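Enquirer: I have a structure here, written as structure tokens, and I will follow up with some questions on it.
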Amino acid sequence: MSNRTRKLIGAVLLLLLITVWALLAMAFAQFAFSSPNAIAAWIFYVVAGMGWILPAMPLIRWMEGGRRA
């Protein structure tokens, strides 16, 4: 597979991952924080906002063409 095709597929999958992650985080927060607790909500949104990075790392590595030496 060419680098160009790999990066196109990876970019589409990365956008899909971020969209699904954000929707799931919002849905979870809607049910989890029925009584507003500002500190817990703040911590949740920070963790959920940064959490998509871990699943995206293998995808980005794949887009680059594998592990670097």
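Enquirer: Rounded to whole Å and sorted largest first, list the principal axis extents of the Cα atoms in the chain.
Expert: In descending order, the Cα extents are 51, 23, 10 Å.
Enquirer: Further question on the same structure: Are there trypsin sites (Lys or Arg not before Pro) in the chain that DSSP marks as loop and that have at most 10 other Cβ atoms within 10 Å, and which are they? Show your work: numbers first, answer last.
Expert: On the way: sites: Arg4, Arg6, Lys7, Arg61, Arg67, Arg68; in loops: Arg67, Arg68.
Passing sites in the chain are Arg67, Arg68.
Enquirer: Can you compute the modelled spin-label distance between Arg6 and Ile53, with each label point 7 Å from Cα toward Cβ, in nm?
Expert: 2.4 nm
Enquirer: In a shell of Cβ-Cβ distance under 12 Å around Leu59, excluding Leu59 itself, what net charge do Lys and Arg (+1) and Asp and Glu (-1) give? Mind showing how you got there, number by number?
Expert: Details: positive: Arg6, Lys7, Arg61; negative: Glu64.
Taking every Cβ under 12 Å from that of Leu59, the sum is +2.
Enquirer: So which chymotrypsin sites (Phe, Trp or Tyr not before Pro) in the chain end up in coil per DSSP with only 14 or fewer other C-beta atoms within 10 Å? Please list the in-between numbers first.
Expert: On the way: sites: Trp21, Phe28, Phe31, Phe33, Trp42, Phe44, Tyr45, Trp52, Trp62; in loops: Phe33, Trp52.
When the chymotrypsin sites (Phe, Trp or Tyr not before Pro) of the chain are filtered for loop state and at most 14 Cβ neighbours within 10 Å, Phe33 remain.
Each value in this text was obtained by applying a stated rule to the coordinates, not by laboratory testing. Everything numeric in this text was worked out from a predicted model, so none of it was measured. With ideal geometry, Cβ positions are generated from the backbone for all residues, glycine too; neighbour counts draw on all protein chains shown.
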